[in-house]
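Only one structure is covered here, and it is reproduced in the block below.
The values are calculated or read from the model by the stated rules, or taken from the named source; none is laboratory data. Predicted model only: the values in this text are computed from it and were never measured. Cβ sites come from the backbone with ideal geometry, for glycine too, and all protein chains shown count toward neighbours.
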Amino acid sequence: MARYTGPSCKLCRRERQKLFLKGVKCHTEKCPLEKRNYAPGEHGLGRRGKYSEYGVQLREKQKVKRIYGLLEAQFRIYFDKANRQKGVTGENLLILLERRLDNVVYRLGFAPSRKAARQMILHRHFTVNGKIVNIPSYLLSPGDKIAVREKSKKLDVIHNALRRVKDGAYNWLSIDKANLVGVFEQLPKREDIQLNVNEQLIVELYSK
């Protein structure tokens, strides 16, 4: 399975905002963005405010790709699927990405980051509706129940991640922390997706 293997913090610096790719580190003063809030490389400081219209659209696409940990071909598949659905293409795209199992595991607080969630899913730590699912891109539907496997319930990484999740943070998800079970209650609406992105710019980019 193809994936990005380079430094995660450089991706945040490239987009000049926290993408929360490193879990705990992103919430501390150790985050490189706290000290160097500019793009990496020798020309990083000189790139502020100099993007063309295309450049702005491209950066927005790159930002969303990196938040969800996708490569270009994977991201384009989601966009094409969103474009075929009824409704607003940009909103459809974000809803599709939020339905990914690795994203929901992260949103529920079972993992400190989407990258960690992806690895834990591949290692078969979770079930969906009672069956083991080891596909991070698995799309959840309303009513699906995500649970930590019995043999995985003592993992420190899960309990440490759960401590940072506020109850009721996402009204489209519910969680039973005592039993480590979450439910994908309904499809999120755009206002429920807490991302500082302008998805319309992505639609404009792909429409050229």
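Couple of notes before you dig in:
- Unique match (being under 28 Å from Asp80 (Cβ atoms), free of Cβ contacts under 8 Å to residues at least 40 places away in the same chain and of a type in the set (Asp, Glu)) among Asp156, Asp192, Asp176, Asp144: Asp192
Residue-wise test of (1) at negative phi; (2) in contact with a strand residue (DSSP E or B) (Cβ under 9 Å, 6 or more places away or on another chain).
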{"residue": "Val105", "(1), (2)": "yes, yes"}
{"residue": "Ile132", "(1), (2)": "yes, yes"}
{"residue": "Ser152", "(1), (2)": "yes, yes"}
{"residue": "Val157", "(1), (2)": "yes, no"}
{"residue": "Leu162", "(1), (2)": "yes, yes"}
{"residue": "Gly168", "(1), (2)": "no, yes"}
{"residue": "Ser174", "(1), (2)": "yes, yes"}
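- Some residue of the stretch 117-124 being outside the structural domain of Arg66 (by TED's automatic domain parsing), among the aliphatic types (A, V, I, L, M) and at pLDDT below 95: no
- If the condition is being outside any loop (DSSP other than H, G, I, E, B) and more than 15 Å from Val128 (Cα to Cα), then the stretch 180-192 contributes Arg190, Glu191, Asp192.
- Selection status of Leu173, surrounded by 17 or more Cβ atoms within 10 Å (Cβ to Cβ) and not assigned by TED's automatic domain parsing to the domain that holds Ala82: yes
- Some residue of the stretch 10-29 being among the basic types (Lys, Arg), modelled with pLDDT of 95 or more and part of a helix (DSSP H, G or I): no
- Breaking point among (1) modelled with pLDDT of 95 or more; (2) more than 17 Å from the chain's Cα centre (by Cα); (3) more than 22 Å from Leu201 (Cα to Cα), for Thr89: (3)
- When the stretch 104-114 is filtered for residues that are in contact (Cβ under 8 Å) with a residue 12 or more places away in the chain and closer than 19 Å to Leu139 by Cβ, the ones remaining, listed by number, are Val104, Val105, Arg107, Leu108, Phe110, Ala111, Arg114.
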